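Enquirer: Just dropping this structure here.
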Ligand SMILES: *Cc1c(COP(=O)(O)O)cnc(C)c1O
């Protein structure tokens, strides 16, 4: 066991290792190339009974762990949505780990509670979230959405479901493009996944508002109880933006909770030119955005905002004797604002990213990503046999091989192209499908992304495509 007096001596070894990692990161294959079970066996072979030193730990990292990592901080990680990090965020996370505080209530660390309150208040202004709403940090958007659905359920049942169980026939709506975390939350909430109605989308992937209203009316006629709609700003497959304002109008008309899932694209609400995406948000009830995706804060950090915070607290508060405090009611006890009792001090890294980098820097970074994405998409669109099918929207586009008359052949070629790119290690991208077309998704959201990496992606894609053309 290392004594705390030796912290600096040992920490320098680790910090030096991290600096080297940052320097060599771009030479590593972006997607790990290992096979299932390989890492387990290698760890087993390296682990001995004697206490392992920091040197042993670093050896394990170099020999076993790093080859088994997919490098999410590689600038050519273009898959899924990114999980950002930054030097500011990592440094603050060191401190959070060192303080080791469990920030469940105000009294267990007033600074954690009040810094969280402060940063969430500031960000509310930057993101143009209605002024009277209040926010809290959750681990992930999945947890925030679960909190929203549980609160909506309680509000709709006068807070009786928590005691008597969930009544039959409660109905919730989202589009067919809504994230899978909603299916999970619906299941956990006891509402039942059969009561989650998936509304069709238009040619741009947005929820069809008329179809939503029709589904609500049909359910009402059958004596069912519509209680929640989940709208998305930036769907996972294609970054579609549901019409929040119109959906909000319907929700107000039928007294239904509207939850807005902006987990990824919500960060773009910092930019004046994208504020239109949240137009009508004042008609909604709750909102989630993940700074850990595109705001340079390392995983995990998800912001949940809610219009009526009292509804949230009433849903989650349970007050055992050992948690009764004299400050109750005058401060924020965040344990009542979500599922877990124990809470990490996440506000620290969020604060240091915003105020260490400065909001202007964060905004210019987002704009840089957006313009690089447009640039790469238009260059690829010029390549014979490649086609941009979706976007560019924000820092995302999707493309495919468009070479053959037959859709199946093009799909096979696109999939082969993606497999070859990912196996090359130069970049990592993932896929989606639209109307039966297999598409390669490209997201350009890495903290340290530069022109050279965009060029690298362009070269890799065009080279692999040329090689592939030779063999077909
Ligand atoms: C990423 C994402 C989620 C899930 O986020 P977690 O924080 O991993 O739970 C949900 N919805 C959307 C739209 C997303 O982009």
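Only the coordinates and a few stated rules stand behind these numbers; no lab work does. Only a predicted model underlies this, so the values are computations on that prediction, with no experimental measurement involved. Here the Cβ is made from the backbone with ideal geometry for all residues, glycine too, and neighbour counts use every protein chain on show.
Enquirer: With the Cα gyration tensor of the stretch 397-472 giving a ≥ b ≥ c as the square roots of its eigenvalues, does the rule (a/c under 1.5 for rounded; else a/b larger than b/c for prolate; else oblate) give rounded, prolate or oblate?
Expert: Judged from the Cα gyration tensor, the stretch 397-472 comes out oblate (a/c at least 1.5, b/c at or above a/b).
Enquirer: May I ask you to derive the relative contact order of the stretch 9-151, considering only C-alpha pairs under 8 Å and at least 6 residues apart, and to give it as an integer percent?
Expert: 17
Enquirer: A further question follows. Expressed in nm to one decimal, what extension gain is obtained for the pair residue 87 and residue 328 from 0.36 nm per residue of sequence separation less their Cα-Cα distance?
Expert: Length gained between residue 87 and residue 328: 83.1 nm.
Enquirer: Express in nm, to one decimal, how much length is gained between residue 122 and residue 63 on full extension, taking 0.36 nm for each residue of separation and deducting their alpha carbon distance.
Expert: 16.9 nm
Enquirer: Still on this structure, I have one more. Sort 93, 249 so the one with the fewest other Cβ atoms within 10 Å of its own Cβ comes first.
Expert: Sorted ascending by nearby Cβ count, the order is 249, 93.
Enquirer: Using Cα centres only, tell me the gap between the stretch 161-181 and the stretch 41-115 in whole Å.
Expert: 35
Enquirer: Sticking with this structure for a sec: Among rounded, prolate and oblate, which fits the stretch 40-138 when a ≥ b ≥ c are the square roots of the eigenvalues of its C-alpha gyration tensor, a/c under 1.5 means rounded, and a/b larger than b/c means prolate?
Expert: Verdict is oblate for the stretch 40-138.
Enquirer: Subtracting the Cα-Cα distance from 0.36 nm times the residue separation, let me have the gained length for residue 164 to residue 255 in nm, one decimal.
Expert: 30.5 nm
Enquirer: Let me have the 222 nm mean residue ellipticity of the chain computed from DSSP H runs of 4+ only, each contributing -39500 (n - 2.57), with the sum over all residues rounded to the nearest 500.
Expert: Theoretical 222 nm ellipticity from helices: -13500 deg cm²/dmol.
Enquirer: Rounded, prolate or oblate, given the Cα gyration tensor of the chain, with a/c below 1.5 counting as rounded?
Expert: oblate
Enquirer: Moving on. How high is the relative contact order of the chain, in percent, with contacts defined as C-alpha pairs under 8 Å that are six or more residues apart?
Expert: 21
Enquirer: In whole percent, what relative contact order does the stretch 69-168 give with Cα contacts below 8 Å and a gap of six or more residues?
Expert: Relative CO of the stretch 69-168 lands at 10 percent.
Enquirer: Could you tell me how far the Cα centroid of the stretch 332-366 sits from the Cα centroid of the stretch 184-245, in Å?
Expert: 30
Enquirer: For 69, 207, which order do you get if you count the other beta carbons within 10 Å of each Cβ and list the fewest first?
Expert: Lowest to highest Cβ neighbour count: 69, 207.
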